[in-house]
Amino acid sequence: MALTLRSSISFINQNQTKVLKAFDDVLSKVSFPKTNPSWCLRAKNSMQEAHVTQENNHNFNSEVEWENEKVHVPSIANNHCNSMRVPVFVMLPLDTVTMGGSLNKPRAMNASLMALKSAGVEGVMVDAWWGLVEKDGPLKYNWEAYAELVKMVQKHGLKLQVVMSFHQCGGNVGDSCSIPLPPWVVEEINKNPDLVYTDRSGKRNPEYISLGCDSLPVLRGRSPLQVYSDYMRSFHDRFRDYMGNVITEIQVGLGPCGELRYPSYPESNGWRFPGIGEFQCYDKYMRASLEASAEAIGKKEWGRGGPHDSGQYNQFPEDTGFFKREGTWNTEYGHFFLNWYSSKLVEHGDRILVSAKTIFQTSGVKLSAKIAGIHWHYKARSHATELTAGYYNTRFHDGYEPIAQMLAKHGVVFNFTCMEMKDKEQPGHANCSPEGLVQQVKKATKKAGVELAGENALERYDASAYAQVLSTSRCDSGHGLSAFTYLRMNKRLFEGENWRHLVEFVKSMSEGGRRQGLSDSDSCGTDLYVGHIKGTKKQDQEVTLV
């Protein structure tokens, strides 16, 4: 049986190869190893449907012809031990849906999903951007591109995690495209700049609406909380038939980058690693809240603004009066301010999750929330970088237990980043300890009785990073992971050695972290080989699935 796939989308950057034709003009071949029983997948062109049929024969080869490339994809056996198995998801590209509201490179996406399925991946994750879906005006939602993606994911037998992305894309580490907030929201921000977070020097950050105005009708008669709720309800109503079977998790965006935190280290405002960042409490709504809190305890002078000696974005803790070893952070004033600042953040998450729980509680999906892995200056007493982000975590105060307890109250999964990082890989002057941070979070989530899931913070393709995730995922390392989402699907992921590492990682995660190496060929039908045939034209060509 044969599978023929034609596509008008090139799988690689045209500027890099200069010679690859549009995929409509390319004929490629994919060979699958023998399986028992075997399956034939026929993928027709965009005007036809895909069909899956089971064959009675025991020897089967399915071929897709591509010019200048042969990809051997194994049939990965998943003999999962359900009690220890950690399902692996893969994040889709940030621009999976275009600014025009259509699915980006659908045929390339289809081929990539087929490859991920063959590797044993559980599913994929996609951002449902507020700035794209409600772009045309208040309560005017366009879910069509996402509907196309959901059907495609279902066709390949994968699961889907969907992020309710109420933040802007662009201006942070790893942001490869720009997706602003909805135009009508930006108009309101232009009229009232205090709608967004502001630092001590007055710099505004348009990534996310300030939590200071959560309950105020500042968005054309609706509050941000109402807007988020209406958005989630619209999604639920549009995709109710896929909830619990295809769509298995909703990650509720709670801040910049979808994380429950303040935008304290924005590259767009000049921050560079490993700077401590700055407090984001200077819009009029946050200032009013701080002033009221200070007056309530008879300390009116404490409500005039944030700490005056907390430094600037790119300073180090010891450069400041507030964060240095014996600094103001560990005084009565410091405790007051940090309690207020962090409590506002937890309350913000709580309010949105109350709404999300009401909307999705009978739909059969999990809810999750993402917490940032801010590991630099973790070894300093003050943990300055965590403090500016809103996590009141110091040598003497646990900042993750209150968050874990809040999520546990709603049955929401605690999704944490930087699972791939090792202390020894970090620059010494940055006082990093991602491993210490992960262990602290594992203890906090175990104590609160909340599920813990993980992500890698940066793009990594090496065996060392995967080994670190395997190590932290196991239950015997404190509190095991319920799932792991890999950042991110792109053309590099499908390159030979990178792809081998991913397949090996997925297999190991399915077997409770027991590592099994993959050989360099697929002669036994269980391992992976990706080889590229040299081109016969002007120069060699290499094609990847993405």
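So which of Arg287, Arg272, Arg261 is open to solvent by 10 Å² or more (accessible area, probe 1.4 Å) and assigned to a loop (DSSP other than H, G, I, E, B)?
Arg272
Every residue, every condition in (1) over 30 Å from Phe484 (Cα atoms); (2) surrounded by fewer than 20 Cβ atoms within 10 Å (Cβ to Cβ), yes or no:
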{"position": "Tyr208", "(1), (2)": "no, no"}
{"position": "Cys213", "(1), (2)": "yes, no"}
{"position": "Arg220", "(1), (2)": "yes, yes"}
{"position": "Asp237", "(1), (2)": "no, yes"}
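The rows are residues; the columns are (1) surrounded by fewer than 21 Cβ atoms within 10 Å (Cβ to Cβ); (2) modelled with pLDDT of 95 or more; (3) closer than 18 Å to Val413 by Cα; (4) in contact with a Cys (Cβ under 6 Å, 6 or more places away or on another chain).
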| residue | (1), (2), (3), (4) |
| --- | --- |
| Ala453 | no, yes, yes, no |
| Gln468 | no, yes, no, no |
| Glu495 | yes, yes, no, no |
| Ser510 | no, no, no, no |
| Gln516 | yes, no, no, no |
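Just the residues that are under 13 Å from Gly202 (Cα atoms) and of a type in the set (D, E, K, R), please, taken from the range 269-295.
Listed by number, the residues that qualify are Glu278, Asp283, Lys284, Arg287.
Do we have Ile250 as touching a residue at least 60 places away in the same chain (Cβ under 8 Å), touching a His at 6+ places or on another chain (Cβ under 8 Å) and of a type in the set (Val, Ile, Thr) here? I'd like the intermediate steps shown before the answer.
On the way: touching a residue at least 60 places away in the same chain (Cβ under 8 Å): yes; touching a His at 6+ places or on another chain (Cβ under 8 Å): no; of a type in the set (Val, Ile, Thr): yes.
Judged against the criteria, Ile250 is not a match.
Restricting to the range 413-441, and then to whatever is part of a loop (DSSP other than H, G, I, E, B) and out of contact with any Lys or Arg (no Cβ under 8 Å at 6 or more places or on another chain), can you tell me which residue is farthest from Leu254 (Cα to Cα)? First the steps, then the outcome.
From the range 413-441, those part of a loop (DSSP other than H, G, I, E, B) are 417-422, 426-427, 431-433; that's our starting set.
Going one step further and asking which of them are out of contact with any Lys or Arg (no Cβ under 8 Å at 6 or more places or on another chain), we end up with 418-419, 421-422, 426-427.
Values: Cys418: 18, Met419: 20, Met421: 24, Lys422: 27, Gln426: 28, Pro427: 30 Å.
The qualifying residue farthest from Leu254 (Cα to Cα) is Pro427.
Kindly indicate whether any position in the range 105-115 is within 27 Å of Gly255 (Cβ to Cβ) and open to solvent by 10 Å² or more (accessible area, probe 1.4 Å). First the steps, then the outcome.
Applying the first criterion (within 27 Å of Gly255 (Cβ to Cβ)) to the range 105-115 yields none.
No, the range 105-115 contains no residue that is within 27 Å of Gly255 (Cβ to Cβ) and open to solvent by 10 Å² or more (accessible area, probe 1.4 Å).
Taking the range 400-436, which residues are more than 24 Å from Ser471 (Cβ to Cβ) and open to solvent by 40 Å² or more (accessible area, probe 1.4 Å)?
Matches in the range 400-436: Pro402, Gln405, Lys409, Gly411, His429.
For Gly364, are the conditions met, namely being open to solvent by 10 Å² or more (accessible area, probe 1.4 Å), at positive phi and either of a type in the set (Gly, Ala, Ser) or not in a helix (DSSP H, G or I) (or both)?
Numbers: open to solvent by 10 Å² or more (accessible area, probe 1.4 Å): yes; at positive phi: yes; either of a type in the set (Gly, Ala, Ser) or not in a helix (DSSP H, G or I) (or both): yes.
Against the criterion (open to solvent by 10 Å² or more (accessible area, probe 1.4 Å), at positive phi and either of a type in the set (Gly, Ala, Ser) or not in a helix (DSSP H, G or I) (or both)), Gly364 qualifies.
Mind telling me which of the residues Glu318, Glu249, Glu259, Glu326 ends up being out of contact with any Phe, Trp or Tyr (no Cβ under 9 Å at 6 or more places or on another chain), within 30 Å of Val365 (Cβ to Cβ) and not β-branched (Val, Ile, Thr)? Show your work before the answer.
On the way: Glu318 fails: within 30 Å of Val365 (Cβ to Cβ); Glu249 fails: out of contact with any Phe, Trp or Tyr (no Cβ under 9 Å at 6 or more places or on another chain); Glu326 fails: within 30 Å of Val365 (Cβ to Cβ).
When all the criteria are applied, what remains is Glu259.
Look at the range 159-185 and say how many of its residues are open to solvent by 50 Å² or more (accessible area, probe 1.4 Å), over 21 Å from Tyr265 (Cα atoms) and not charged (D, E, K, R).
1
Looking at (1) modelled with pLDDT under 95; (2) over 21 Å from the mean Cα position of the chain (by Cα), which one does Lys446 not meet, given that it meets all the others?
Exception for Lys446: condition (1).
Select from the range 370-382 the residues that are open to solvent by 10 Å² or more (accessible area, probe 1.4 Å) and over 23 Å from the mean Cα position of the chain (by Cα) and list them in ascending order.
Lys379, Ala380, Arg381, listed by residue number.
Kindly evaluate Ser118 against the criterion of being among the small types (Gly, Ala, Ser), at pLDDT 95 or above and either touching a strand residue (DSSP E or B) at 6+ places or on another chain (Cβ under 8 Å) or open to solvent by less than 60 Å² (accessible area, probe 1.4 Å) (or both). Don't jump to the end; show me each part of the working.
Working: among the small types (Gly, Ala, Ser): yes; at pLDDT 95 or above: yes; either touching a strand residue (DSSP E or B) at 6+ places or on another chain (Cβ under 8 Å) or open to solvent by less than 60 Å² (accessible area, probe 1.4 Å) (or both): yes.
Yes; evaluated as a whole, the condition is true for this residue.
Find the residue count for the range 293-324, including only residues that are part of a helix (DSSP H, G or I) and open to solvent by 60 Å² or more (accessible area, probe 1.4 Å). Explain how you work it out, then say what you get.
Our first condition is that a residue be part of a helix (DSSP H, G or I); within the range 293-324, this holds for 293-296, 300-303, 317-319.
From what is left, the residues that are open to solvent by 60 Å² or more (accessible area, probe 1.4 Å) are 295-296, 300-301, 318-319.
So the answer is 6.
The values are calculated or read from the model by the stated rules, or taken from the named source; none is laboratory data. It should be emphasised that the depicted structure is a prediction, and the values quoted were computed from it without experimental measurement. Please note: Cβ atoms are built from the backbone with ideal geometry, for glycine as well, and neighbour counts cover all protein chains shown. All accessible areas refer to the heavy atoms of the entire protein, side chains included, with ligands and DNA or RNA removed. Shrake-Rupley method; radii C 1.70, N 1.55, O 1.52, S 1.80 Å.
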